[in-house]
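Undergrad: Starting off with a structure, shown below.
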Amino acid sequence: METGRKEDYLEALDSIIEKKGYAQVRDISKLLKVGPSSVTEMFQKLTKAGYINYEKYGGVTLTPKGRKIAKETKKKHDMLFHFLMILGINEKIADEDACKIEHDLNPKTLDRLTKFVEFIEKKEEIPRWLEHFNYFFETGDYIECNPSNDDKCPVHGIRKKRKKVNK
């Protein structure tokens, strides 16, 4: 794939095609917030490259080659979105940033981030160190905390005290 913009179009096409079976210029224009002439121009490029089936004024579908790239791009986007959400990034910003980052990651970095997200998501509770990072982000204060000194921890000690008070 030559450009991230092409990946964005293929990902958008896949999303719309999943919902209604085909896409049209106006669908992509609205979703990507670009003019219809820009969409038509990109559709011509994607057709020439063998990524879509496109007939002027008709519906657009993905070729197997285009669908493969769309699915891979979506998978990268979703993983990056989850990673950014783990860091506590606002959902809207996480989605926008994931869209920007998904095109420029080294495959080794992508693999490592994917494993990290999978690891975190297997945990039933938020890891202690991630709670400490969130506290550090909010306050700028680094804390040393472990189960033996929870009562002194501003994250875990306060939470335990609140639970006792609320009972």
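The values are calculated or read from the model by the stated rules, or taken from the named source; none is laboratory data. This is a predicted model, so every value here is computed, not measured. As a convention, Cβ positions derive from the backbone with ideal geometry for all residues, glycine included, and neighbour counts pool all protein chains shown.
Undergrad: Glu124 versus (1) at pLDDT below 95; (2) among the acidic types (Asp, Glu); (3) within 20 Å of the chain's Cα centre (by Cα): which is the lone unmet condition?
TA: Evaluating Glu124 over (1) at pLDDT below 95; (2) among the acidic types (Asp, Glu); (3) within 20 Å of the chain's Cα centre (by Cα) leaves (3) as the failure.
Undergrad: Given His132, His77, which one is touching a Cys at 6+ places or on another chain (Cβ under 8 Å) and within 16 Å of Glu7 (Cα to Cα)?
TA: His77
Undergrad: Can you name every residue in the stretch 20-71 that is of a type outside the set (Ser, Thr, Tyr) and in contact with a Pro (Cβ under 6 Å, 6 or more places away or on another chain)?
TA: The answer is Val25, and nothing else.
Undergrad: Can you tell me which residue within the stretch 35-79, out of those that are of a type in the set (Ser, Thr, Tyr) and assigned to a helix (DSSP H, G or I), is farthest from His103 (Cα to Cα)?
TA: Looking at residues that are of a type in the set (Ser, Thr, Tyr) and assigned to a helix (DSSP H, G or I), I get Ser37.
Undergrad: On to the next question. Do we have Ile86 as outside the structural domain of Ala23 (by TED's automatic domain parsing), of a type in the set (Val, Ile, Thr) and touching a residue at least 40 places away in the same chain (Cβ under 8 Å) here?
TA: The answer is yes for Ile86.
Undergrad: Now a separate question. Filter the stretch 80-117 down to residues that are of a type in the set (Asp, Glu) and part of a helix (DSSP H, G or I) and give me whichever is farthest from the chain's Cα centre (by Cα).
TA: If we take residues in the stretch 80-117 being of a type in the set (Asp, Glu) and part of a helix (DSSP H, G or I), then Asp111 is farthest from the chain's Cα centre (by Cα).
Undergrad: Within the stretch 118-159, how many residues are closer than 21 Å to Phe83 by Cα, part of a helix (DSSP H, G or I) and charged (D, E, K, R)?
TA: The number of residues fulfilling the criteria is 6.
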